[in-house]
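The next block holds one structure in the form of structure tokens; read it before the comments.
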Amino acid sequence: MSGVLVRNVDWGSGRGDLRCSADRITEVGSDLGQLPGEEELTGAVAVLPGLHDHHLHLMAMAAHRASVDLGPERVASPGDLARVLDGAATSVGTTGLWIRAVGYDATTGGELDRWTLDLMVRDRPVRVQHRSGHLWVLNSRACALVGLDGDVPTGVERVDGVATGRIVDADDWLALRVPRQGPPDLAAVSRRLASFGVTGVTDCTPVHDAADLEVLAAAVGSGAVVQRVMVTGSIGLAGADSPHGLELGPVKLMVGDLAYPSVDGLAAAMDEAHGHGRSVAVHCASRIAAVLAITAWEHAGPRPGDRMEHGAVLPLDLVARLARLGIAVVTQPGFLYERGDRYLVEVEPDDVPHLYRCATLEAAGVGVGGSTDAPFGPDDPWLAMRSAVSRRTRTGARIGPDEGVDRPRALGLFLSAPAAPGGPPRTVTDGGPADLVVLDCTVAQALEDFDGRHVMATVARGRVVHRG
Ligand SMILES: [Zn+2]
């Protein structure tokens, strides 16, 4: 098959048939003749530009699929956590195999270290990842296998010289010491994203090794990943070429939640990235991180395309400084739904009104791009849009209701261009990219429901990559 003919749809500025050849929309009109080999899509009502998720992690999403899920749907208490891990240990069979579990949260699963894990699983190595992605906890068997009592990097927690099994932000070190799982199933991740109408993603992993980007490039090259993929990479790769098939985005700078860099160090990293012609994406999940990043930007000077990731806690004075700098914020409204009930218990009451702002940012002139941060947040962009409007948690509580945006703006969070999150929404035009969400309903209805089941088909780079 080559080419797609979408019949009789409303694309915002017109209505009729749309022809896609190669990766562009090449003809619009009514009653276009079907060309040989062209795939015809009938019965649709409207189309939208393909959604772009401005911040997620493809490799981690693939690893997540092959892991034991300790997320809130399955674990509401320490007893649940023990049961789920024990069940996994039993079903894995062979005692030598590692158990990799993800989505752990101390508020539901209880505090974990090697000894509490040993009480649940003793006869095989277990590693449990905190839902934030920043902490791993290993049982004693796993500690012994990775050599945790020997010469280890910072980030390995010790009490009286003994490793507790807790490892913070040392993924590269750990990855070299645990057996590789099978090849990551990036195709399954890509199919799931396509089912939501996602045709482009920005992978915000601060990759240190160019070889890790080659895995993504190969997946795009083979067609296993059908989306357009923009990558970030760490400052060490700021001057590296982008592997074929991937688009080079901003450099990802981490302002850690545990160890903060100096303002000078951060400004120097910004300068370095800018010197390579790259913008920066700065991870800011706390008030302090945001202060540091903004101060560094005021020293280094902003570059178009610079952005703050999360902007989880932004008091109004910081909002004004962001606006003056022209820095966009890439937000994750889905966290309000998924984690909001915990925020209301755990976050400093002073910080709650500043959580994941949206409307205030836009009113101040700060661009806001939408994303899911999957697998650390729910991967469904329609859920994120719903949360951007309602600001509701899983149990229905509301966080910062005044930060809610109207429905078209919620959709717009996922329509800005990859290089300009928070910029104007892309539109469907003759000659434009053949990246489309094909809807079984009107756009008004899709905005009313914000539900991926209205995605009848997805066209990415001129090919039908999903049919509902
Ligand atoms: Zn992230």
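Given the condition crowded, with 17+ Cβ neighbours inside 10 Å, part of a loop (DSSP other than H, G, I, E, B) and aliphatic (A, V, I, L, M), answer yes or no: does some residue in the range 94-109 qualify?
Checked against the condition, which is being crowded, with 17+ Cβ neighbours inside 10 Å, part of a loop (DSSP other than H, G, I, E, B) and aliphatic (A, V, I, L, M), the range 94-109 yields no hits at all.
Does the range 233-253 contain at least one residue that is within 27 Å of Tyr337 (Cβ to Cβ) and not charged (D, E, K, R)?
Checked the range 233-253: at least one residue is within 27 Å of Tyr337 (Cβ to Cβ) and not charged (D, E, K, R).
Quick grid of which residues meet (1) at pLDDT below 95; (2) touching a Leu at 6+ places or on another chain (Cβ under 7 Å); (3) at positive phi; (4) away from the ligand (no atom under 16 Å from the Cβ):
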{"residue": "Phe376", "(1), (2), (3), (4)": "yes, no, no, no"}
{"residue": "Ala384", "(1), (2), (3), (4)": "no, no, no, no"}
{"residue": "Arg391", "(1), (2), (3), (4)": "no, yes, yes, yes"}
{"residue": "Asp406", "(1), (2), (3), (4)": "no, no, no, yes"}
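Anything in the range 401-439 that is closer than 17 Å to Ile327 by Cα and hydrophobic (A, V, I, L, M, F, W, C)? List them, or say none.
In the first step, residues of the range 401-439 are kept if they are closer than 17 Å to Ile327 by Cα; the result is 413, 416-424.
Across the range 401-439, the qualifying residues are Leu413, Ala417, Ala419, Ala420.
Of the residues Leu85, Leu5, Leu48, Leu41, which single one is hydrophobic (A, V, I, L, M, F, W, C) and in contact with a helix residue (DSSP H, G or I) (Cβ under 6 Å, 6 or more places away or on another chain)?
On the way: Leu5 fails: in contact with a helix residue (DSSP H, G or I) (Cβ under 6 Å, 6 or more places away or on another chain); Leu48 fails: in contact with a helix residue (DSSP H, G or I) (Cβ under 6 Å, 6 or more places away or on another chain); Leu41 fails: in contact with a helix residue (DSSP H, G or I) (Cβ under 6 Å, 6 or more places away or on another chain).
Going through Leu85, Leu5, Leu48, Leu41 in turn, just one is hydrophobic (A, V, I, L, M, F, W, C) and in contact with a helix residue (DSSP H, G or I) (Cβ under 6 Å, 6 or more places away or on another chain): Leu85.
Would you mind telling me which numbered condition in (1) free of Cβ contacts under 8 Å to residues at least 60 places away in the same chain; (2) not in a helix (DSSP H, G or I) Glu309 fails?
Among (1) free of Cβ contacts under 8 Å to residues at least 60 places away in the same chain; (2) not in a helix (DSSP H, G or I), Glu309 violates only (1).
When both residues are 6+ apart or on different chains and their Cβ atoms are under 8 Å apart, which pairs have a first residue that lies in the range 373-396 and is among the aromatic types (Phe, Trp, Tyr), and a second that is assigned to a helix (DSSP H, G or I) and away from the ligand (no atom under 13 Å from the Cβ)?
Correct list of pairs: Trp382/Gly452.
Have a look at Thr331, Thr295 and point out the one that is touching a strand residue (DSSP E or B) at 6+ places or on another chain (Cβ under 9 Å) and polar (S, T, N, Q).
Numbers: Thr295 fails: touching a strand residue (DSSP E or B) at 6+ places or on another chain (Cβ under 9 Å).
After applying the criteria, what remains is Thr331.
The values are calculated or read from the model by the stated rules, or taken from the named source; none is laboratory data. These numbers come from a predicted model, not from an experiment. Cβ: placed from backbone, ideal geometry, glycine included. Neighbour counts: every protein chain shown.
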